[in-house]
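Read through the structure below, which is laid out as structure tokens, and then see the notes.
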Ligand code: SAM
């Protein structure tokens, strides 16, 4: 079949579809649909999606970005939680695209590695999404930590979340999300996007950010990824607390106070150091010490 050209990304087309199906935006699902063709072009170029790629899209909405992805990629799987959108997608806006599969589901409930095994022979996919703002961080953490074979993650997020994703140690935005992004990927900013590019308009500015996912051998070395993420979570569970208190109080870690103090000392860190001062390499050293002790 000849390639279809995307036709939905105009305010008038979006309004036409919304009226035709008497669609009402659901705030609880973070529905802000894109209505600007230039922004859609920017997302596609930032994503690096080409004809060889299989794309996983989270939250297609009425299918605006999906049409662009279907044009650029080999295959697109689009997972949408709102079942009111499914007939619009499959019966109208995406019905002429034979390389798109729409799945009605919650991305948070999906087994992503199994999905990639089943639908792409275990070969890496690219993730592209205009993410729902109410659940951006949990979705990003899930994708990063899932172990799903993935080349890149290109997402529209609130500008403030993009700042957290790229934050450096010592800055107010630095936290568990910055460290996960840094461990699993190399982030690159694609574009700043003002509220008038969406319908309805969000209250804040947005940013397109693209993460090139690191291969396992490119990551900071650590004995056990689970231990590393537990130590990071523990240290940011209560902001402005010392790493020592974070480790000691973590239910996940069950770390006796002597061991917490010993791990910090052995990692060459001051005893009252705070999580926001530590680099990823510092966290990895502490995690490796705790992991080694746990195994004795
Ligand atoms: N991609 C469309 C666009 O750019 O116009 C819509 C983006 S809108 C910001 C987010 C979409 O994600 C909505 O369609 C919403 O219903 C969907 N969504 C929200 N939570 C979801 C979840 N947990 N799993 C899958 N889709 C979700």
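Condition check ((1) more than 20 Å from residue 64 (Cβ to Cβ); (2) in contact with a helix residue (DSSP H, G or I) (Cβ under 7 Å, 6 or more places away or on another chain)) across all residues:
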position	(1), (2)
107	no, yes
114	yes, no
127	no, yes
133	no, no
139	no, yes
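Restricting 204, 193 to those that are crowded, with 20+ Cβ neighbours inside 10 Å and in contact (Cβ under 8 Å) with a residue 40 or more places away in the chain reduces the list to 193. Mind checking which pairs have a first residue in the range 52-67 that is under 17 Å from residue 31 (Cβ atoms) and a second that is more than 7 Å from the ligand (Cβ to nearest atom) and assigned to a loop (DSSP other than H, G, I, E, B), Cβ under 7 Å, 6 or more apart or different chains? Note: pairs meeting the criteria are 62/8; 63/8; 63/94; 64/8; 64/9; 66/94. Considering the range 213-224, the residues that are in contact (Cβ under 8 Å) with a residue 60 or more places away in the chain and within 21 Å of the chain's Cα centre (by Cα) include one that is farthest from residue 250 (Cα to Cα), namely 213. Evaluate the following for residue 82: is it within 20 Å of the chain's Cα centre (by Cα) and either more than 12 Å from the ligand (Cβ to nearest atom) or touching a residue at least 60 places away in the same chain (Cβ under 8 Å) (or both)? The answer is no for residue 82.
Of the strands (runs of 3 or more DSSP E) contained entirely in the range 22-117, not one carries at least 3 residues that are farther than 22 Å from residue 150 by Cβ.
Restricting 202, 138, 169 to those that are assigned to a loop (DSSP other than H, G, I, E, B) and within 16 Å of the ligand (Cβ to nearest atom) reduces the list to 202.
Of all residues in the range 19-43, those that are more than 16 Å from residue 133 (Cβ to Cβ) and touching a residue at least 40 places away in the same chain (Cβ under 8 Å) have Cβ atoms under 8 Å from Cβ atoms of residues that are in a loop (DSSP other than H, G, I, E, B) and within 10 Å of the ligand (Cβ to nearest atom), 6 or more apart or on another chain, in 23/62; 35/9; 36/9. Restricting attention to the range 273-296, report how many residues are modelled with pLDDT of 95 or more and part of a loop (DSSP other than H, G, I, E, B). Qualifying residue count for the region: 3.
Out of 19, 67, one residue alone is closer than 20 Å to residue 87 by Cα and more than 15 Å from the ligand (Cβ to nearest atom). It is 19. Only a single criterion out of (1) under 11 Å from the mean Cα position of the chain (by Cα); (2) within 16 Å of the ligand (Cβ to nearest atom); (3) surrounded by 15 or more Cβ atoms within 10 Å (Cβ to Cβ) is not satisfied by residue 152, namely (2).
The values are calculated or read from the model by the stated rules, or taken from the named source; none is laboratory data. Note that the structure is a prediction, hence the values are computed from the model and not measured. Methodologically, a virtual Cβ is constructed for each residue, glycine included, from the backbone with ideal geometry; neighbour enumeration extends over all protein chains shown.
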